[in-house]
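The values are calculated or read from the model by the stated rules, or taken from the named source; none is laboratory data. Computed from a predicted structure; not experimentally measured. Here the Cβ positions follow ideal geometry from the backbone for every residue, glycine too, while neighbour counts run over all protein chains shown.
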Amino acid sequence: MTTTLIDGIGMLVTNDSTHPDGDASPLGIIENAALITCDADIIWVGRHDNAPDADRYHDMAGATIVPGFVDSHSHLVFAGDRAAEFGARMCGNPYTAGGIATTVAATRAATDDELRANVRRLRAEMAGSGTTTVEIKSGYGLDVSGEARCVSIASDFTEEVTFLGAHVVPQEFATDRAGYIELVCGPMLDACAAQARWIDVFCDRGAFDLDETRQILEAGIRKNLTPRIHAHQLERTGAIELGVELDAASVDHCNHVDDADLLSLANSNTVATVVPGADFCTRVPYADARKMLDAGVVVALATDCNPGSSYTTSMPWCIAVAVRDMRLTPAEALWSATGGGAQALRRSDIGVIAVGKRADFAVIDAPSYVHLAYRPGVALVTQTWKDGQLWAGQ
Ligand SMILES: [Zn+2]
């Protein structure tokens, strides 16, 4: 058991509005702060002046510390590159769900080691920009052994693994959708469920319709997986209402929502996760996260990192875009990228800096968290700590 005093914190964002030293905002900010970790956990948080001694000492020299970012939506297990498709899209070609087939072909052709190396590389990028927890989906194998392989590789990197056999219908099943759905709900789910926590469906034009989505998610629920849905990215399908009905942890994208969707979300246990990287990279109007917050919906912010429609690993960049283009305040965007992500993963031990929680945090070389949005694209995260250990940076 080793205790470590993290001292000299100019601004500490705790996301704990109950701390007596914190300001009254949801971010629970403490100035001139310190915290103490014991192994993987936080055991003390407060003002520098009151900090007790510890076995080890780190001086943060006035930096800002925020909870580690919780990226609740990513597709890191893949091979190949779709830069040409991105280039064509920026010249006017529309985004469709069909491009996923390109990545499926490359992923099927890759070795386990190649796939693992790619996840490791992207995971390192995430760690370097302050992300301490990431959800990783399968979805580029789309056959029994391929999906089982993707789920297994994902589980080497995170406990937040999502089975997404229902990403699109693969080409070999183009004339037999029902056959593919049977495969997903049967042998594929059987092969993946033990290593996954979540089940997801891309419910949209060109992917799966509402009835198919219900069938697949209900099969997952019977295997003790909790649903999350790619919902209303390309059009309004009813997937948000279905997500609320099935107690999905999150409905993600949400570009096309009406007042009934917002009301139903606001009265539910389901988070709306917006992914500004996908809106940016497919050049569509941003999801209206401002309207969601104003309607009382809990909003999370995630990268949706994938090679086709959102090839970014940077939560700070997502925060900047959410502030600039989705009209979140810097405080709302930071909360959505930390506490909101944790809620989208139904975790209470992360996304908050408080006694008894995981010692996961990012050190920002700036006098305030506002710099995450104020200085877009600048690498301000100098250290990332996970489970009480320096994980990235120096
Ligand atoms: Zn996605």
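Report yes if residue 241 is farther than 14 Å from residue 73 by Cα, in the same structural domain as residue 181 (by TED's automatic domain parsing) and part of a helix (DSSP H, G or I), otherwise no. Criteria met by residue 241. Once region 54-84 is narrowed to residues that are assigned by TED's automatic domain parsing to the domain that holds residue 134 and surrounded by fewer than 19 Cβ atoms within 10 Å (Cβ to Cβ), the residue that is farthest from the ligand (Cβ to nearest atom) is 84. Restricted to region 174-232, and to residues there that are β-branched (Val, Ile, Thr) and within 16 Å of the ligand (Cβ to nearest atom), the residue that is nearest to the chain's Cα centre (by Cα) is 229. For region 247-304, give me each residue that is away from the ligand (no atom under 12 Å from the Cβ) and among the hydroxyl-bearing types (Ser, Thr, Tyr). 264, 268, 270, 286 - these are the residues of region 247-304 that are away from the ligand (no atom under 12 Å from the Cβ) and among the hydroxyl-bearing types (Ser, Thr, Tyr).
The single residue among 171, 233 that is crowded, with 18+ Cβ neighbours inside 10 Å, of a type outside the set (Phe, Trp, Tyr) and assigned by TED's automatic domain parsing to the domain that holds residue 300 turns out to be 233. Annotation note: of 205, 149, the sole residue that is at pLDDT below 95, farther than 22 Å from residue 247 by Cα and out of contact with any Phe, Trp or Tyr (no Cβ under 7 Å at 6 or more places or on another chain) is 205.
Is one or more of the residues making up region 35-44 touching an Asp or Glu at 6+ places or on another chain (Cβ under 6 Å), closer than 27 Å to residue 367 by Cα and not assigned by TED's automatic domain parsing to the domain that holds residue 124? Before the answer, list the steps.
The initial filter retains those residues of region 35-44 that are touching an Asp or Glu at 6+ places or on another chain (Cβ under 6 Å), namely 40.
So of that shortlist, the ones also closer than 27 Å to residue 367 by Cα come out as 40.
The next check asks that each one be not assigned by TED's automatic domain parsing to the domain that holds residue 124; those that pass are 40.
So far as region 35-44 goes, yes, one or more of its residues are touching an Asp or Glu at 6+ places or on another chain (Cβ under 6 Å), closer than 27 Å to residue 367 by Cα and not assigned by TED's automatic domain parsing to the domain that holds residue 124.
Taken as a whole, region 315-326 holds at least one residue that is under 30 Å from residue 3 (Cα atoms) and in contact with a strand residue (DSSP E or B) (Cβ under 7 Å, 6 or more places away or on another chain). Within region 381-394, being surrounded by 20 or more Cβ atoms within 10 Å (Cβ to Cβ) and not in a strand (DSSP E or B) holds for one residue alone: 388. One residue stands out among those in region 123-157 that are small (Gly, Ala, Ser) and on the phi > 0 side of the Ramachandran plot: the one that is surrounded by the most Cβ atoms within 10 Å (Cβ to Cβ), which is 130.
If I ask for residues that are part of a loop (DSSP other than H, G, I, E, B) and among the aromatic types (Phe, Trp, Tyr), which ones from region 336-372 would you list? Can you show your working first?
Initially, region 336-372 is screened for residues part of a loop (DSSP other than H, G, I, E, B), giving 345-357, 359-360, 365-370.
Correct list: 369 only.
Meeting the requirement of 1 or more residues that are among the small types (Gly, Ala, Ser), the strands (runs of 3 or more DSSP E) wholly within region 133-234 are 161-166, 226-231.
Scanning region 87-112 for residues that are within 16 Å of the ligand (Cβ to nearest atom), over 16 Å from residue 147 (Cβ atoms) and out of contact with any strand residue (DSSP E or B) (no Cβ under 7 Å at 6 or more places or on another chain) yields 95, 96, 98, 99, 102.
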